[in-house]
Amino acid sequence: MELDQLIKSCAKKNRRAREELYHKYEKRLFQVCLKYCRSLEEAEDHLHDVFIEIFENIKKYKGKGSFEGWMKRIAINKAIDKYKKIRTYDLKDDKIEILTEDVTIAPNELPASIEDVIGLIRELPDQYRLVFNLYQLDGYSHKEIALMLNISEGTSKSNLHRAKIKLKEKVVALKKRSAVKNGK
């Protein structure tokens with residue numbers, strides 16, 4: 001079925017159309033969910049919630065921009081909403097440090113597999129993981145992130161910097177464990 005027809009059928013609550021849409025996009029949206037969740041199980045639950053939201057709001061999609069981008073935005077917004085609900089502290093009052101040191105990870109420092117990198121990102125504290133993913137992986141500006149997370153731009157920048165530091169520490173530790181395991 002063509003995408004336009006599939007969307008219209010989903011809006012009419014056609015079960016087969018919804019199944020087809022789900023199977024067409026589940027892997028791509030699951031990758032988005034994995035970036036924003038701590039575990040596979042949490043990502044699976046998040047994916048389920050995302051598709052419920054997509055089906056409930058599909059009539060609101062007006063055909064402007066890519067449909068996949070619209071769905072991805074729903075997945076990201078649901079992750080942010082979940083984060084805001086569980087957040088028990090207010091980042092707006094976070095003391096911002098002047099951060100001048102650039103934190104980079106050289107290609108030879110990276111783990112061997114993308115799964116390892118994703119796993120390390122998932123281990124970051126929530127506020128660092130969200131800002132890192134939004135900025136580094138999804139291309140949002142600090143201004144956009146600040147609005148989405150209800151934090152200041154400075155806090156967004158600070159959290160990104162701290163996420164990079166923690167991620168670099170995790171990469172170095174993983175490399176050391178791997179070297180020891182391989183007898184090097």
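Quick notes
- Pairs meeting the criteria (first residue in region 130-147 and part of a loop (DSSP other than H, G, I, E, B), second residue of a type in the set (Phe, Trp, Tyr), beta carbons under 9 Å, at least 6 apart or on different chains) are Ser141/Tyr135.
- Flag if Lys175 is within 21 Å of Val117 (Cα to Cα), out of contact with any Asp or Glu (no Cβ under 8 Å at 6 or more places or on another chain) and not hydrophobic (A, V, I, L, M, F, W, C): no
Throughout, read-outs are computed from the coordinates displayed, never taken from laboratory work. Given the structure is predicted, the values throughout are model-derived calculations rather than measurements. Note that each Cβ is placed from the backbone with ideal geometry, even for glycine, and that neighbours are counted across all protein chains shown.
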